[in-house]
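Taken together, the values in this text are just the output of simple stated rules run on the coordinates, not laboratory data. This structure is a prediction, so every number in the text was calculated from the model and none was measured. Because the Cβ atoms are built from the backbone with ideal geometry, glycine has one as well, and the counts that use them run over all protein chains shown.
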Amino acid sequence: MKDRLTKKQLSVSMYDRGMNVVAIAKLLRCEPSYVANSLIEQGRLPAYVDLYTSTGPQNEDAKELEGVLKFTDAGSARSSVAKIDAIWQRFSSERNRRGMHQCEVVVLIGRNRAAGIGKHTEAQIFADWLMERLKGGESGRNSPKAA
């Protein structure tokens, strides 16, 4: 009896033969993000990014935020935001705009992912933090001067 290939294995095989993520997803009747994440898990770097793909940290600042995004429940969302805020405050005191931006991007991703699966309370926790940053709240004493 021959072993059946999983969708993940088929995704990698098709990709290695030159197919793109969207075409593979259509053939396998799954989401492109599933295909992209399957490829990423196997060390491929597909030319596909969306809200649900994970390509890992793109820069040194992003490495500090790796694995911090959690929204299982309101408590884990608050804990995640608190960790991100501590990193954001440090970046702010260092006048590291790239790092501050990376924190804001991660929080926006958390908000959108939580909302996308119906976790509205958790999504609002992320949104509240981001709105505070956008209004300039709690950053006046440490914010870098505009370039």
| Stretched out fully, how many nm does the piece from Asn20 to Leu108 gain, at 0.36 nm a residue minus the Cα gap? | 29.0 nm
| query | Per-residue HN-Hα couplings for the range 42-47, Karplus 6.51 cos²θ - 1.76 cosθ + 1.60 at θ = phi - 60°, whole Hz, x for Gly and Pro? | reply | 9, x, 8, 10, x, 7
| the chain: C-alpha gyration tensor shape, a/c 1.5 cut-off, then a/b vs b/c | prolate
| message | Going Cα to Cα from Lys8, which lysines come in below 23 Å? Please leave out same-chain ones fewer than 8 positions away. | response | Lys26
| Angle, helix 74-93 long axis vs. longest principal axis of the chain, Cα atoms, 0 to 90°, nearest 10? | 60
| query | In sequence order, what are the phi-derived ³J(HN,Hα) couplings for the range 110-118 according to the Karplus relation 6.51 cos²θ - 1.76 cosθ + 1.60 with θ = phi - 60°, rounded to whole Hz, with x for glycine and proline? | reply | x, 4, 5, 5, 4, 4, x, 10, x
| message | Run the count for the range 60-135, please: Lys pairs, Cα-Cα under 21 angstrom, 8 or more apart or on different chains. | response | 5
| request: Among Gln42, Leu5, Val21, flag the residue with its Cα farthest along the positive direction of the charge dipole of the range 1-53, charges on Cβ as +1 for Lys/Arg and -1 for Asp/Glu. | output: Leu5
| Mean residue ellipticity at 222 nm from the helices of the chain, using -39,500 (n - 2.57) per DSSP H segment of n ≥ 4 over the full residue count, to the nearest 500 deg cm²/dmol? | -19000 deg cm²/dmol
| said: Given axes a ≥ b ≥ c from the Cα gyration tensor, I'd like to know whether the range 32-109 is rounded (a/c under 1.5), prolate (a/b larger than b/c) or oblate. | reply: oblate
| Förster-model FRET efficiency, 25 Å R0, Ser79 and Lys135, C-beta, rounded to 0.05 | 0.60
